[in-house]
Amino acid sequence: MTTTVPTGAERISAPVHVSGPDAPWHRVREAMDRYGNAVVHTTWGEWLTAVVAEPALRPLLGRDWQRYRRTADPTVRYRFVASRLATKYTAAAALHTDPVELDLAYKIGGRPYLRGLDQIDVSLTHTDDLIAVGVSRDGRIGVDAEPADRRMSYELLSRHVLTPAERADLERLTDAERTAAMLRLWTLKEAYTKALGQGLRLGFTEFGFGADGGDLLAPDGGPAARGEWAFATHRVLGRYLLSVARHDAGLDSSRDTAAHTMLDEGFMGAVTELLY
């Protein structure tokens, strides 16, 4: 069951739980068609059978095949493959295509992207056994997750993580409320910086969120955006917080997101030849 913390997330699709290649992927397609973005969450164990028994694993992994073969630790290897399969299947469902047709590559810093599909943004996160993937067709997207019971010391971290306005908000709360609020803010800030492609290079005290987490704010608590950003935090699988940051770049909002209408035919032919 997934519960949602209200965060002004009407422009972000609710995360869909997928349990492997045979999951209800039509829900991902429907989310992409309706919202322009889709988010899924799963666990690496739910993909173990596909990792072990999938006869088409090599073409599915594409350029990641050699990394998979070089990884000696079985647990690390299986988790790596599960995250890549989850990413490809999610993007393929959102784009109405087959996962083997997509070429997953990586920017400097490790952020995944789809070669030949510049309008599609992809974000991947994992923690413990959770994997989450976000895909957007009309702007940047970032996802981040943490165990919901993770303890964060307010005294040690607040001046490194929170803006003055956020500290003022949290200091009015009880200890338990403060811990929960700080973890939620942490995941929101991670998701936002991932969407920007900045990671931890952008200091967390340089931007903040309101008490409901829905608005991007300056350190003094004033508005820092004009409505182009949307944020959401969800509790998934009963034990994780999953936050999503989504930017609306004002791109073509056409609902036709089939990969064959967006991908250059020459590039598609080259990818097919490479994989086979």
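Okay, here's what the table says:
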item	result
Top of D33, D103, D175 by mean-square fluctuation, Gaussian network on the chain, Cα under 10 Å	D175
Length released on extending from R111 to A225, taking residue separation times 0.36 nm less the Cα-Cα span	38.6 nm
In order through segment 219-226: 3J(HN,Hα) via Karplus (6.51 cos²θ - 1.76 cosθ + 1.60), integer Hz, x for Gly, Pro	x, 8, x, x, x, 10, 8, 10
Average accessible area per residue (Å²) across segment 69-114 - probe 1.4 Å, nucleic acids and ligands excluded	43
Low-density loop positions, trypsin sites (Lys or Arg not before Pro), segment 157-227 - DSSP coil, at most 16 other Cβ in 10 Å	R172, R226
Choice from R79, R150, R137 showing the highest fluctuation, given a GNM over the chain with Cα pairs closer than 10 Å	R150
Backbone N within segment 185-226 under 14 Å of label point (7 Å from L173 Cα along the Cβ vector)	185-189, 209-214
Separation between Cα centres of segment 145-212 and segment 111-142, rounded to whole Å	22
Loop-located GluC sites (Glu not before Pro) in segment 5-86, at most 11 other Cβ atoms within 10 Å (DSSP)	E10
The chain - mean residue ellipticity at 222 nm from DSSP helices (-39,500 (n - 2.57) per run, n ≥ 4, rounded to 500)	-10500 deg cm²/dmol
Portion, in percent, of the accessible area of the chain that falls on carbon or sulfur, probe 1.4 Å	50
Filtered GluC sites (Glu not before Pro), segment 131-185: DSSP coil and at most 13 other beta carbons within 10 Å	E171
Mean Cβ neighbour count within 10 Å, used as a protection proxy, ranking 91-99, 20-28 highest first	91-99, 20-28
Cα gyration tensor shape for segment 121-257, rounded if a/c is under 1.5, else prolate or oblate	oblate
Rg over Rh, two decimals, segment 57-114 (C-alpha only, Kirkwood Rh)	0.97
Cα gyration tensor shape of segment 35-157, rounded if a/c is under 1.5, else prolate or oblate by comparing a/b with b/c	oblate
GNM result for the chain, Cα springs below 10 Å: residue of A232, A176, A218 fluctuating most strongly	A176
Shape of the chain, Cα gyration tensor, a/c cut at 1.5	prolate
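The values are calculated or read from the model by the stated rules, or taken from the named source; none is laboratory data. Here the structure is a predicted model, which means the values were calculated and not measured. Neighbour counts run over all protein chains shown; Cβ positions are idealised from the backbone, glycine included. Accessible surface is based on the protein model in full, side chains and every heavy atom, while ligands, DNA and RNA are left aside. Shrake-Rupley method; radii C 1.70, N 1.55, O 1.52, S 1.80 Å.
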